[in-house]
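Written below as C-alpha cells is the structure these notes are about.
Read-outs: derived from the displayed coordinates by stated rules, not from any lab. Just so it is clear, the model here is predicted, and its values are computed rather than measured. In this analysis, Cβ positions are derived from the backbone assuming ideal geometry, glycine residues included, and neighbour counts consider all displayed protein chains.
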Amino acid sequence: MFALLSVQLIIQLLINGILFGAIYGIAAIGLSLIFGTMRIIFLAQGTIIILFAYTCFWLFNLLGIDPYLSLVIVIPMAALLGVAIYASLFTEAAANEDRNISLLIAIGIMFFLENLMTVLWTGNPRSITTPYTSFVVRFAGIGIPFTRFTGFIMALLAAGVVVLFLKKTFIGTAVRAASEDIVSATLMGISPHRVNAVAFAIGIGLAGIAGVDMATIYPFDPFYGFIFVLRGMVALAIGGIGSVEGALLGGIILGLIESLSSFFVPGGWTDAIVYLVFLIVLMWRPEGLLVRSVKKA
Amino acid sequence: MENNALVVKGVDVLYGDVQALWDVSLEVKQGTIVSLVGANGAGKSTLLKTISGINRARKGEILFSGKSVTHLKPQEVVDIGISHVPEGRRLFASLTVLENLKLGAYPPRARAVFGESLTKAFDLFPVLKSRQNQKAGSLSGGEQQMLAIGRAMMSQPTILMLDEPSLGLSPILVKTMFDLVASLNKQGVTMLLVEQNVRQALKIANHAYVLKNGRIVMNGGGEELLADPEVQKAYIGERWRKK
C-alpha cells in the first residue's frame, strides 16, 4: 500500500515538475534569444510576463474574453511591444555595443513596469477564475490540472514554432548566425538592428504566452516577475544558452528539481537547492549541462 | 580614375588612443589582384576591416567606383559589392554549409540570384555540395576556407577582400588557394589580398603594397617587389632568394 502510494506520489511530483517547468522553459527561450544577439540578460523579461498576465486578466474581467482565446490578441501585442521596446530604448546602446547601458535599460524597464502595474492593479495578488480553473483530470490516483496541462502544451507548441522559425526562415537563420558571430553576420549584410528586433519580438512574444499561462494557473502580483528571470537563468545554465530545445529542457529539469525538492526537503530549502544547482552547473559545465561543445570554426 | 574599383586616401585608424594606420593610401584597379603584405601587426587586417566598415577611419576617405563608402556600415558595404573574408574565416560553425552559403546571399540584390550563385559555388567547390547539410564546424581547415570564399562569392561581389586565406593550410592546399584566387580573378572578380605568404602573394599580384607599423612603405608591381632586395630580406628570407 505504502509502496503503491509512493510510486503514485513520485509520478505526481514528476508530472507537476514537468508541467510547471515548461513555463520556466518558455521564459528561458526568450532570455536565450535576446542574449544571443544582444549579449545581455534581459532582466525585465519576467516582469513583462506578469504584465501580460495582467493583460489577460483585464481582457477576461473587462471584456469577458477567455484566457486561451486572449492569446490571439496577446501574442501579436507582445511581439509588437518587443519590437517597440527595442526600437525606442535599445537602438542607441546596441549601435554602440554598450552592454552596460543595455543592462541598465533592462533594469529600468523592470522597475518602471513593476511600479506602473502597482498603480494600475494595486499590489494585491490577482487571479482569474474560469469554469475550468480547478478542473483536474484523474486516473489511477494521479491528478493532472487542466490549466497546467494546457500551459505545458502551449509551451511545447511555442517552442516548436520558434525552432521552425529559426531553422526554416531566412531571417531566422540570420538570427542564429548573429547569435554566433555578430561581426561576421554584418559582413554578410545582416543589420544588427534587424536581428535584435526579431529576437525581441520572439522573446517578448513568448513572454505573452507565459503571461497567459501564469494567469490561468497562479495568483500573481506586480513583483512576482523577477523570479522567472532567475529561474530562466538557471534553466539556461542547465540547458545551455543558444538552443531553444536546451532552454525548454533546462526549464523542465528545473521544474522537476523544484517539485521533488519541495516535497523531500523541508520548505524554504527549495530555492537554496535550485541556486546551488545553478552554481554547480556553472562551475562544472559553464557551456550548459546538456550541451555537447561544438568545435569553433 | 574610372578603372579604379577601390581607392583609399590618407586613412588614419585608431583603436582607442593607439593609432593603427597612418595616412594609408592605395588603389585597386578593376579586374586586378592587389596584394597587401607586411609583418604581423602591421595593420593589414585593420585596413581591410576599415574598408568593410567594421573599423572607422578617423581621417581620410575610401571610394568605391568613385563613391565614398567611408561612413557606411558593414552591412551596407557588402550590399554595394565589397565582400570581406575575415581572418580566421569566421564561419557560422553551428549552421550547415548550405545555411552559411544562404547567408552569404543575404543582400536582396544577391538573394534574387541565389540559385544561380549556389550552382556557381558548388561548381567551384564540389566538396561543399556533397557536404551541404553538414555543420560548417565539422569541415576540415581547407574545406572551411573554401566555404568562407564560397560564402563571400554568394553576395556577387565586384571586389573580394581575402584576409590570410592560406593561414593554417597545408602546402598543397596553399597552392590550391592561390590558384583559386587567380581563377576567380580571371572570371572578373577584383581581388584585394592580405597574406603572410609574401612570396606567393607578390607572385600573383598585379600590384602590391608593403605595410609596416601602420604605414605604406613601398608599392609597385608584384614581380618588381618580389625582386626587391629589401623586400626579400625583410619578408621572404634567405631560403627563397636562390629560387
TODO: Tell me the label-point distance for the pair A:LEU63, A:ILE11, using the 7 Å Cα-to-Cβ offset, in nm and rounded to one decimal.
DONE: 4.2 nm
Task: Charge dipole magnitude, Cβ of K and R +1, D and E -1 - the protein assembly as shown, Cα centre, debye nearest 20 - done: 1200 debye
Open item on the list: Restricting the calculation to Cα positions, tell me the Rg (one decimal) and the Dmax (whole number) of chain A in Å.
Closed with: 19.2, 67
TODO: For region A:226-292, just the Cα atoms, rotate onto the principal axes and tell me the three extents in Å, largest first.
DONE: 34, 21, 21
- [ ] Taking the convex hull of the Cα atoms, report for region A:172-284 its projected area averaged over all directions, in nm².
- [x] 8.8 nm²
- [ ] Take every Cα-Cα distance within region B:1-123, group them into 5 Å bins from 0 onward, and report for each bin the whole-number percent of pairs it holds.
- [x] 2, 10, 17, 20, 19, 15, 11, 6, 1, 0
- [ ] Run down the aspartates and glutamates and flag those whose C-alpha is under 18 Å from the C-alpha of B:LYS135, throwing out any fewer than 8 positions away in its chain.
- [x] A:GLU180, A:ASP181, A:GLU245, B:GLU99, B:GLU143
TODO: Count, for each residue of B:56-65, the Cβ atoms from other chains sitting within 10 Å of its Cβ, then give me the mean as a whole number.
DONE: 0
TODO: Above 17 angstrom, tally the Cα pairs of region A:74-192 and express them as a % of all pairs, no decimals.
DONE: 76 percent
Task: Shielding by partners, peptide B:71-78 (average Cβ within 10 angstrom, other chains) - done: 5
TODO: Just tell me which lysines come within less than 18 Å, Cα to Cα, of B:LYS233; anything on the same chain fewer than 8 places away is out.
DONE: B:LYS203, B:LYS212, B:LYS242, B:LYS243
Task: A:ILE171/B:LYS67 FRET efficiency (R0 30 Å; Cβ-Cβ; nearest 0.05) - done: 0.60
Task: Unit charges on C-beta of K, R, D, E only; dipole of region B:6-103, Debye - done: 80 debye
TODO: Please build a GNM for chain A, connecting alpha carbons under 10 Å apart, and tell me which residue among A:ILE49, A:ILE11, A:ILE241 fluctuates the most.
DONE: A:ILE11
Task: Compactness relative to 2.2 N^0.38 Å, alpha carbon Rg of the protein assembly as shown - done: 1.17
Task: Value of relative contact order over region A:181-295, rounded to a whole percent, pairs C-alpha under 8 Å and six or more apart - done: 22 percent
Open item on the list: Whole-Hz ³J(HN,Hα) for each residue in region B:195-206, computed from phi via Karplus 6.51 cos²θ - 1.76 cosθ + 1.60 with θ = phi - 60°, x for glycine and proline: what do you get?
Closed with: 8, 8, 7, 4, 4, 5, 5, 6, 4, 7, 7, 6
- [ ] At q = 0.14 Å⁻¹, work out log10 I(q)/I(0) for region A:130-181 with the Debye formula, treating every Cα as an identical point scatterer and leaving solvent out; two decimals please.
- [x] -0.56
Task: Contact order normalised by residue count of chain A, Cα under 8 Å, 6+ apart, percent - done: 37 percent
Task: Given charges at beta-carbon only (K, R positive; D, E negative), |dipole| of chain A in Debye - done: 580 debye
TODO: Mind ranking A:194-202, A:110-118 by how tightly packed they are, going by the mean number of other C-beta atoms within 10 angstrom, highest first?
DONE: A:194-202, A:110-118
Task: Calculated [θ] (222 nm, deg cm²/dmol) that DSSP helices of n ≥ 4 give over chain A, each run adding -39,500 (n - 2.57) - done: -24500 deg cm²/dmol
Open item on the list: I'd like the orientation of helix A:244-264 relative to chain A: the angle between its Cα long axis and the longest Cα principal axis, in ° from 0 to 90, rounded to 10.
Closed with: 30 degrees
TODO: Just the Kirkwood number for chain B, please: inverse of mean 1/r across all distinct Cα pairs, in Å, one decimal.
DONE: 18.2 Å
TODO: Would you mind counting up the charge near A:LEU120? Only other residues with Cβ under 13 Å from its Cβ, with Lys and Arg at +1 and Asp and Glu at -1.
DONE: -1
Task: region A:226-292 - percent relative contact order, Cα under 8 Å, separation 6 or more - done: 39 percent
TODO: For the protein assembly as shown, build the charge dipole from Cβ charges (+1 Lys, Arg; -1 Asp, Glu) around the Cα centre, then report which of B:LEU36, A:ILE273, B:PRO107 sits farthest towards its positive end.
DONE: B:LEU36
TODO: List, in the order given, every pair from B:LYS129/B:LYS175; B:LYS102/B:LYS175; B:LYS29/B:LYS49 whose Cα-Cα distance in the structure shown is over 24 Å.
DONE: B:LYS102/B:LYS175
TODO: Pull up the cross-link candidates among the aspartates and glutamates for B:LYS44, meaning alpha carbon to alpha carbon under 18 Å and not fewer than 8 places away within one chain.
DONE: B:ASP12, B:ASP23, B:GLU27, B:GLU61, B:GLU87, B:ASP163, B:GLU164, B:GLU195
TODO: Scan around B:THR32 for amide H atoms under 5 Å from its own, H built in the peptide plane at 1.01 Å from N, and keep only partners 5 or more places away or cross-chain.
DONE: B:MET191
Task: Residue among B:GLU116, B:GLU143, B:GLU87 with the largest mean-square fluctuation in a Gaussian network model of chain B, springs linking Cα atoms under 10 Å - done: B:GLU116
Open item on the list: Using a 10 Å cut-off around each Cβ of peptide B:138-148, what is the average number of partner chain Cβ atoms that fall inside?
Closed with: 1
TODO: Select from A:MET214, A:MET77, A:MET233 the residue whose mean-square fluctuation is largest in a Gaussian network model of chain A (Cα-Cα springs shorter than 10 Å).
DONE: A:MET77
